[in-house]
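See below for the structure under consideration.
Read-outs throughout are calculated quantities, based only on the coordinates presented, and are distinct from any laboratory measurement. Predicted, not measured: the structure shown is a model, and the values here were computed from it. Positions of Cβ are backbone-derived with ideal geometry, glycine not excepted, and every protein chain shown enters the neighbour counts.
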């Protein structure tokens, strides 16, 4: 993971801790300093390792929620094997 990737993850987690769950579209709008691909990459990595929960909504969008252990804690990236 690069420093840019970790930074995007941190920003996404901080936004979700402040606002609660939201759609992918809402995140893209609320994080104008990150590209769509940076946000999507961060969400993809964090959903795969359990830090985020994704739920598909109608009209091809996703609802994003922090996992229980991430809601009130500081962001600690998962250790790579």
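Things to note:
- The order of 12, 28, going from fewest to most other C-beta atoms within 10 Å of their C-beta, is 28, 12.
- Where labels lie 7 Å past Cα in the beta-carbon direction, separation of residue 25 and residue 57 in nm: 0.7 nm
- Normalised contact order of segment 3-70, rounded percent, pairs of Cα under 8 Å and 6 or more residues apart: 37 percent
- Simple spin-label estimate for residue 65 and residue 17 in nanometres, 7 Å along Cα-Cβ: 2.0 nm
- Pairwise Cα distances in segment 3-70 exceed 18 Å for 26 percent of all pairs.
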